[in-house]
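Contents: one structure, followed by commentary.
Each value in this text was obtained by applying a stated rule to the coordinates, not by laboratory testing. In this text the structure is predicted, and so the values were computed from the model without any measurement. Glycine also receives a Cβ, built like all others from the backbone with ideal geometry; neighbour counts cover every protein chain displayed.
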Amino acid sequence: MGLFRMSVMRSWVGLIFAVVLLAGCVLGQDSDSVSTSPLPSTPAMAVSRPIDLKPIDLTPDASGAVPPEQIRDLLRRAEDKDLENDKRQRDYTYIEREERHHLDGHGGVKRVESRTSEILEIYGEPAERLTAKDDKPLAADEAKKEDDKIQKIIDKRKQESEADRRKRLEHEEKSREDDRKFVLEIADAFNFRLAGSEVIDGRDAWVLEGEPRPGYEPKHRDAKMLNKFKGRVWIDKTDAQWVKLDITAIDTIAVGWVLARIHKGAHVMVEMTRVNDEVWLPKHVQFHLDARVALFKNYIEDVEQTFRDYKKFRTDTKITVVGVESRE
């Protein structure tokens, strides 16, 4: 299904990721829909602020907490960084493998299944082409269906009118701006403590621990779920880029209109990697889900996703289904 790609990274911080990731798993569990990329496709018309290159110094107060204004500055810098990542990420294809362990009520493994996909960028829009199930190549008829699916996307974008394209991009830009408001509210919704520094892939990173701030009244419509999570965030000191997230649900979460509930203890960890010394992209995702949908169907799963073979392509390459190399 490509849960990670379908749901997230509309915003920067992992507490957002946890909500959307886990909700997507519950609501889209049985779906084989075409998925999107692990990082959001930033609208071509969106204009980000110039990234502030001044170093950020996180200085805890007497209690060991990092002042909210410092966290807010860091989140704003990281969100700007994400906009740049989004633009550069559209120049890459890659391979994603997802392995899903379906568990029984005692934690035993009932069955294991995996999917391997090639992720493409077509006219600036991400698309998935399934290439293997359970590490076996697709049968010829299944492979043809995947090629046909990609061709439909190509044809749709080729035929898109300028007015429709403008409308689509405006909608995406509005979503991005809404994400920004949510991201910046996190600095107020949590008490962050500077837990120290670590070296990740040879680079220095801050380690921040966050817990819900007691009595906080959320402003954003989605922020009401923030008090259901706690976790750690690793942030690259040089790039002000999040490089690792480790998030846990500390209470039951009600999701959507289908009476879905994500139980306490659900957990997600995300790791990023720097590619070609120019962009940060997903490397590894793990999550544990214990959820119930509509009071009768349980989902208990351990899922691992890996991302590899990032390849940069020329932006002027013509698109064809055979090899579907790139976009025009």
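The residues GLU170, GLU125, when put in order of fewest to most other Cβ atoms within 10 Å, stand as GLU170, GLU125. Listed cross-link partners LYS283/LYS312; LYS87/LYS311; LYS133/LYS311; LYS110/LYS297 are compared with a 20 Å cut-off, the Cα-Cα value being larger for LYS133/LYS311. How many angstrom lie between the Cα centre of the stretch 154-209 and the Cα centre of the stretch 105-127? Cα centres, the stretch 154-209 to the stretch 105-127: 22 Å. Segment GLN286..ARG213, full-extension length gain: 23.6 nm, with 0.36 nm per residue of separation and the alpha-carbon distance subtracted. Electrostatic tally near HIS267: other residues with Cβ closer than 13 Å to its Cβ, Lys and Arg +1, Asp and Glu -1, net -1.
At an R0 of 25 angstrom, the distance between the Cβ atoms of THR238 and THR59 translates into a FRET efficiency of 0.90. One decimal place: the segment LYS297-LYS264 gains 10.2 nm when fully extended, by the rule 0.36 nm per residue minus the C-alpha distance. With the simple spin-label model, which puts each label point 7 Å out from Cα in the Cβ direction, the THR306 to GLN159 separation comes to 4.0 nm.
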